[in-house]
Amino acid sequence: MRKTNLASCLMVIGIAVCLIAGAAVAAEVSQGKCIQFDQTSKQITIEAYDIQFSSQFPYGQPSGENEVFDVSGAAIGIHPEPGDILRLAWVNKDGVKSALKVMNVSKQDLRKK
């Protein structure tokens, strides 16, 4: 009887830990055209796109708003250049958009695979 209670308690604790850890990794996602990638200050500026996809705008329509991201601690795939379409996963750290991952969508288009 004791072994089943212990196993049940451990299972409940394990599930709770997994749920808490999953909630802690939540990040925002932004996508848009790379305006500037400053390697010295580790910042990327993009023109943000909305989520109105169409054949004319397969990555979304340009919103006209520029967003600046700190990429000093980000995992960056293919090197971004001005004009590339980028997707960034980021978190807000003290009012600064700190990127976790940067994917170059235009040079690594997954829709064609």
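The values are calculated or read from the model by the stated rules, or taken from the named source; none is laboratory data. Nothing here was measured: the structure is a model prediction, and the numbers come from that model. For neighbour counting, all protein chains shown are included, and Cβ atoms are generated from backbone atoms with ideal geometry for every residue, glycine included. Heavy atoms of the whole protein, side chains included, go into the accessibility calculation; ligands, DNA and RNA do not. Shrake-Rupley method; radii C 1.70, N 1.55, O 1.52, S 1.80 Å.
Check which residues have an amide H placed less than 5 Å from Asp50's amide H, if you skip close sequence neighbours.
Sorted by chain and number, the residues that satisfy this are Gln61, Ser63.
Could you order Met11, Met103 so the one with the most accessible surface comes first? Probe is 1.4 Å. Working shown, then result.
On the way: Met11 120, Met103 50 Å².
Heavy-atom accessible area, descending, gives Met11, Met103.
What is the spin-label model distance, in nm, from Ser72 to Ser55 if the labels are put 7 Å beyond Cα along the C-beta direction?
The modelled label-to-label distance comes out at 4.7 nm.
Ranked from the most accessible area to the least, with a 1.4 Å probe and all protein chains present, what is the order of Ser106, Ser72? Numbers along the way, then the final one.
Details: Ser106 50, Ser72 80 Å².
Order by accessible area, largest first: Ser72, Ser106.
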